Amino acid sequence: MSEKVIECINLNKYYGKGSNSFHALKDINFFVNRGEFIAIIGPSGSGKSTMMNILGALDTANSGDYFLNNKNISEMDSGELSNIRQKEIGFVFQSFNLLGKTNVLNNVILPLIYNTQIHIKERKKIALKFLESVSFDMTKIKNKANEISGGQMQRVAIARALVNSPSIVLADEPTGNLDSKTGDFVLKTFQKLNKDEGVTIILITHDEYVANSADRIIRIKDGMITEDYKNQKTKKIFSN
């Protein structure tokens, strides 16, 4: 029986008050099983960014419940949400969000500093392991993050997202600043991590091509889920 890593029940999110209130998410219901690779796709203004913020514990819904590993995130305070982001969620952003003046290796090590269960001597080994897993050019691990290409930066960002073995990896438009060849490599990397390592991946995108790298697609429009289905096109584009 599949294990739910995420469950959203009747989530609603509003911005503003009174006559200026905007209903960004409307009675959102879905779940994610451990080991799934899902794309959430929608146009600008559809609510997908709001959804990402809630799934990433960066924001909370006004009503409804969001469970991550059977913990009700909707009821947590800011300190508890910070702890969830640190331990349970790996983030990959379109803008990479690396420390530009810090070298590659230390960018990947950074999330491990807050993990008291990992000895300081083990942090470098773990960081190197994940950099190798995303085919990073290991001759550049001492380069500052702002001295490497966008494609290499995104590989560093993926490695950093994985070092704490999070429950899910949440990727927000991860190919948006990349050329098509490098973007394909990033998507293939997600597929490999999902298939070989069982990493649960939720990819936020507006791009049909990118969405078709996932095994399941959730479509969102005007704050509502309009479709949720198994993707029959998966891996036809990215199989090589």
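Scoring E147 on the criteria (1) over 23 Å from E88 (Cβ atoms); (2) at pLDDT below 95; (3) more than 13 Å from the chain's Cα centre (by Cα) leaves a single failure, condition (2). Pairs are defined by a Cβ separation below 6 Å, a sequence spacing of at least 6 or placement on different chains, a first member in the stretch 1-19 that is in contact (Cβ under 8 Å) with a residue 40 or more places away in the chain, and a second member that is small (G, A, S) and loosely packed, with under 15 Cβ neighbours inside 10 Å; the pairs so defined are N12/S63; Y14/S21. Among the conditions (1) farther than 27 Å from N194 by Cα; (2) of a type in the set (V, I, T); (3) at pLDDT below 95, I73 misses just one, which is (1).
Conditions (1) among the hydrophobic types (A, V, I, L, M, F, W, C); (2) crowded, with 20+ Cβ neighbours inside 10 Å; (3) under 30 Å from T234 (Cβ atoms); (4) touching a Ser or Thr at 6+ places or on another chain (Cβ under 9 Å), marked per residue:
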position	(1), (2), (3), (4)
C8	yes, yes, yes, no
N12	no, no, no, yes
S21	no, no, no, no
A24	yes, yes, yes, yes
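All told, E36 meets the bar of being within 20 Å of E227 (Cα to Cα), among the acidic types (D, E), surrounded by 15 or more Cβ atoms within 10 Å (Cβ to Cβ) and touching a strand residue (DSSP E or B) at 6+ places or on another chain (Cβ under 9 Å).
How many residues does the stretch 51-105 hold that are of a type in the set (S, T, Y) and within 22 Å of L178 (Cβ to Cβ)? Full working, then the answer.
Pass one, the stretch 51-105, residues of a type in the set (S, T, Y): 60, 63, 66, 74, 78, 82, 95, 102.
So of that shortlist, the ones also within 22 Å of L178 (Cβ to Cβ) come out as 95, 102.
Qualifying residue count, the stretch 51-105: 2.
Could we say that I148 is in contact (Cβ under 8 Å) with a residue 60 or more places away in the chain and in contact with a Lys or Arg (Cβ under 7 Å, 6 or more places away or on another chain) here? Write out each step before concluding.
Values: in contact (Cβ under 8 Å) with a residue 60 or more places away in the chain: no; in contact with a Lys or Arg (Cβ under 7 Å, 6 or more places away or on another chain): yes.
No; evaluated as a whole, the condition is false for this residue.
If we keep just the residues of the stretch 98-130 that are assigned to a loop (DSSP other than H, G, I, E, B) and at pLDDT 90 or above, which is farthest from R160 (Cα to Cα)? Spell out the reasoning first.
So in the stretch 98-130, the residues assigned to a loop (DSSP other than H, G, I, E, B) come out as 98-102, 115-119.
Right, trim to at pLDDT 90 or above and you get 98-102.
On the way: L98: 9, L99: 12, G100: 14, K101: 16, T102: 13 Å.
Per the criteria, the residue is K101.
When K188, K192 are checked against the criterion of being at negative phi, in contact (Cβ under 8 Å) with a residue 40 or more places away in the chain and of a type in the set (K, R), K188 stands alone in meeting it. The C-beta contact set for the stretch 168-180 (first residue farther than 14 Å from V199 by Cβ, second residue of a type in the set (F, W, Y), distance under 6 angstrom, 6+ apart or interchain) comprises D172/F93. Given the criterion under 19 Å from the mean Cα position of the chain (by Cα) and either farther than 27 Å from S213 by Cα or hydroxyl-bearing (S, T, Y) (or both), identify the matching residue among S19, S46. Only one candidate qualifies: S46. The residues of the stretch 73-99 that are over 18 Å from M51 (Cα atoms) and in contact (Cβ under 8 Å) with a residue 60 or more places away in the chain, listed by number, are Q86, K87, S95, F96, N97, L98.
Selection of strands (runs of 3 or more DSSP E) fully inside the stretch 22-70 by the criterion of at least 1 residues being modelled with pLDDT of 95 or more and closer than 18 Å to D172 by Cα returns 22-33, 37-41. Evaluation of D215 against the conditions (1) out of contact with any helix residue (DSSP H, G or I) (no Cβ under 7 Å at 6 or more places or on another chain); (2) under 28 Å from N83 (Cβ atoms); (3) not polar (S, T, N, Q) shows that the sole unmet condition is (2).
The values are calculated or read from the model by the stated rules, or taken from the named source; none is laboratory data. Being a predicted model, the structure only gives us computed values, none of them experimental. Using ideal geometry, Cβ is built from the backbone for each residue, glycine included, and neighbour counts are taken over all protein chains shown.
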